[in-house]
Each structure stands twice: as structure tokens, then as C-alpha cells.
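Let me begin by presenting the structure, written as C-alpha cells, before commenting on it.
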Amino acid sequence: MSTQRITLTVNGGNIEFDAPPRKLLSDALREDCGLTGTHVGCEHGVCGACTVLVDGRPQRACLSFAVQLEGHEIETVEATGTPQQLSPLQQALHECHGLQCGFCTPGIVMTFEAFLKDNPDPSEAQVREALTGNLCRCTGYQNIVDAILLAARRLREGASQ
Amino acid sequence: MKPAAFTYHRPASVDEALDLLARHGGDAKPIAGGQSLVPMMNMRLASPAHLVDLNDLSELGRIRLQGERLEVGALARHRDVAESALVREHCPLLVQAARTIGHYAIRERGTLGGSLAHADPAAQHPLVAMTLGAQLTLARRSGRRVVDAGDFLLSAMTTALAPDEMVLAVSYPRAAAGEVSAFRMFNQRHGDFAIVAVAATLALAGGRVASLRLGVGGVAPVPQRLDAVASGFLGQAPGADWIAAVARAAREAVSPEDHPRVPAAYRKELTETLVARALARCVEKSEATA
């Protein structure tokens, strides 16, 4: 199968690799960019585990081909917080027990990075509506909703200081 | 769950895209948001030999007024449509419908033209296009044509698009002064395709129904516009009895397929309930604006 040189801009740096056009962005991030924080669940856009940001907007990495993303800015969960310094949303997920196995968490973090910029003061109903695009099979959604609302409050307080 | 191999093309202009489609015809598929096509490719339900990526053709994402119609470019994302002030003012039904498509991340990427070209019988855009009498501008290298939604949507997942043709834009009649609209759908899980969806527009004159459009999705291979039902209920005051009578007539007018998991009687019942809810919402809005 013929491959081509693909250059992706991921988390602020360029990564070059050879891959066929059929390579999904989700697979390219994990296999060619070595960024395994983006998880692959259903591979047809339903579960949300592979959600990343493209030019700041949430997008299913399994529903794009890597070659399509040349010239765009991709952000993955690796760009969001560090183990020593979690992002406000990651910290809130930790405190509220918003994850158990953690498989769905990167997709939720990336989805709500964008959502909380769009909606700094969301209602619980808005959070739940947005969360319908991310499946979690461990915890139930209550703690995740609590965490997102807590993160929203802290981000607002931080912004007003 | 990995797609078959294909050759990737990334045209920089509409003309270049049409040249590619002309050259590769039935072996090529245009890709816009990819929210329906890529799942089909991942599941190997589709395996085009050539993929023509339309995402750089930003001129296809425009939303603008063209005389008495609102024109929305084929590449407008569901989010663009849902958040456009122009669409909200001139075609509010489209905003209500676009907000309910899939999930947050799906709406960021999926496009109007893609949804119509995919032609899922339960999808929002085909239903709104049928209900409002939208017109689609289609293009191939040899020329353009304008097609009514009713002539574009032929059957489930089947449209009048030729293999080398693509959707450029969709135009909708601007909502008349005083016209209100409502969209209602039922699905088992948030973000799923509707089991049944209903779109309605209503305008009153002197407290009586002057115009009524009713569309139902999910009950036939193509969304149905219930003109015969609507025309039978003009000139009356839209009270609770009127709403119930229209909803009953809508139920009788649809003949959904019987399916082991979704019996026809259930879809008929949903039609009645959703028509009643959509009309009640229309009447509420009419009273609020009067």
C-alpha cells in the first residue's frame, strides 16, 4: 500500500511520518506520533474516547484521516496539564471521582476543554447534553457532571481574579 | 474497523473538485465532515477508490440572503447553522433542527450538504428541506442545476446526485412575517437518529390558521410533507381540539414500515404525539409574538 509523507502539527510541534491516506487520525496519533493518550474505542464516532481539538474545536479523531489534518493545529490530552500540575478540569475529575478505569477520560477532557470556553457558566442540563457524546461504562455520569461544574466554577473564579 | 485504501485528493477550488469527480466518477466520493462517510468506510460499507476532500473550499460554507431565500453553503457545519444569526432570523426551523443533530463534537464537523447527500430517512436536514421546500444547487463539470428537495431525495440513502456531481448550496424560503415553527423528535438515546421527527410551520391571520406546513421523518424512505392534511385544517382557530384533530389526521396519513423492534403502530403513535407537541409549541409562539 502506497504511503506518503504526512506532517501534522500536534501540541505545538510538527511531527513527520509516512502513512497511507487511509490512516485514521486516531491511529496516527497513537502509532506514528507516540501520543497514546488519545484512546480508540468504537471507531465509528459514537463513544467519544478519541476526541481531540482541531483548530480549537472538538473532533472525533477516528472520523478523520491524518492526511486531511495537514495544515491544522491538533491538540491532544498530552497538551492538557501534567501529572504534577493537572488542568482545572483534570483536578476536578480527580477530586469528584469522575473516573474509574479512565478509558473515556481523555475524550471527556478534550471535549470539555472546548465546551467550557464556549460555555463558561453552563447549566447542569447543558453539561449533560454535551456529555451525551462521551460514553463512560464505569462510573455513571453523576461524578463527571459534578467535576465539570466544579471546574467551570473554578475557571470563572480564576478568570475574575 | 479500518477503512480500505484510497487515493486522497485535496482540491483548492470547486472547479478542481469537479474535475476530479468528472475524472473518477463512480470511483470517487466527495468528503466534507465525514461524520457519516467515515463510519461507513471504517465498517467497510463504503470503499471509494478516490476521496475528494472538500474541506478547503471555504466559499462553500457561506450563509447569505439571496432575494426571498436564505442560501446556506453545502459546507456549513451543523454548528454554523445552529448559531447563525441570519438563519435564526430567516429560517428558525433550521436552527432548531440543527441543534439536535448528533452530539457536540459531531455538530462541529458534520455539514448540511453531507447530511442531504447521505439522505438518512430519519435525519434532520432532509426533513427540514422537504418541509420548507428547499432547493439544492448541484454542480458537475458540465454545468449546474437547481433541484427541489422533493426531487433530490429519491429513497433511503438515495439521491438524484450523479456520480460526478456534488451539492454546492441549499436555499430555503425566508420565514414570512408572523410565521412560527417547531421541531420535535423522539429517539431512545440523546444524539441517536430519530425514530420519528416532526417539523411544522404555522402562520395565523385574525386568530385563524392562514398557513400550515407539516413534515414527518422516520416514517418512510424519504421524509413526508403532509400537504393534504395541512390543507384540510386551514381557516380554523388553533385550539386544543384543532391540534388534536390535525395530529390524528397526521397519524392516519403516514404508513410506516412494520419492524420487529419498532412496530408501525408505534411510529404512528409517535407521529400523532409529536405533531401535537410541535403544533402546541407553534401556537404558543404565535401567541407570544401576537
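Computed from the coordinates by the stated procedures, all read-outs in this text should not be read as laboratory data. Just so we're clear, the structure is a prediction, and the values are computed from it rather than from any experiment. Counting neighbours? That spans all protein chains shown, and the Cβs are built from the backbone with ideal geometry, glycine included.
Taking every residue in A:53-63 and counting other chain Cβ atoms within 10 Å of its Cβ, the average works out to 5. Of all lysines in the structure, the ones whose alpha carbon falls short of 24 Å from that of B:Lys2, not counting any fewer than 8 places away in one chain, are A:Lys23, B:Lys29.
For the range B:61-173, compute Rh as the Kirkwood radius over C-alpha pairs and then the Stokes-Einstein diffusion coefficient at 37 °C and 0.692 mPa s; write the answer in µm²/s, rounded to an integer. So the translational diffusion coefficient is about 238 µm²/s.
Averaged over the residues of A:41-48, the number of partner chain Cβ atoms lying within 10 Å of the residue Cβ comes to 5.
Comparing A:Phe115, A:Phe103, A:Phe17 in a Gaussian network model of chain A where C-alpha atoms under 10 Å apart are linked, the largest mean-square fluctuation is found at A:Phe17. For the protein assembly as shown, adding -39500 (n - 2.57) for each run of n ≥ 4 DSSP H residues and dividing by the number of residues yields -10000 deg cm²/dmol at 222 nm. Sequentially through the range B:9-16, phi angles give Karplus couplings (6.51, -1.76, 1.60; θ = phi - 60°) of 10, 10, x, 9, 8, 4, 4, 5 Hz, Gly and Pro residues having no value and appearing as x.
Shown for chain A is the translational diffusion coefficient from the Stokes-Einstein equation, using the Kirkwood radius over Cα pairs, a temperature of 20 °C and a viscosity of 1.002 mPa s: 133 µm²/s. For the range B:128-244, taking the reciprocal of the average inverse distance between every pair of different Cα atoms yields a Kirkwood hydrodynamic radius of 16.1 Å. Ordered by the count of other Cβ atoms within 10 Å of each Cβ, fewest first, A:Glu78, B:Glu179 give A:Glu78, B:Glu179.
Listing A:Phe65, B:Phe186 from fewest to most neighbouring C-beta atoms within 10 Å gives B:Phe186, A:Phe65.
The radius of gyration of the Cα set in the range B:7-53, together with its Dmax, comes out at 10.5, 31 angstrom. Could you state the number of Å between the C-alpha centres of the range B:47-89 and the range B:163-178? Here the two parts' Cα centres lie 10 Å apart. Hydrodynamic estimate: the Kirkwood radius of the protein assembly as shown over Cα pairs, inserted into Stokes-Einstein at 37 °C and 0.692 mPa s, corresponds to D of 141 µm²/s. Per residue of B:30-39, other chain Cβ atoms within 10 Å of the residue Cβ number 4 on average. Calculated on the alpha-carbon coordinates, the convex hull of the range A:88-160 measures out at 72 cubic angstrom per residue.
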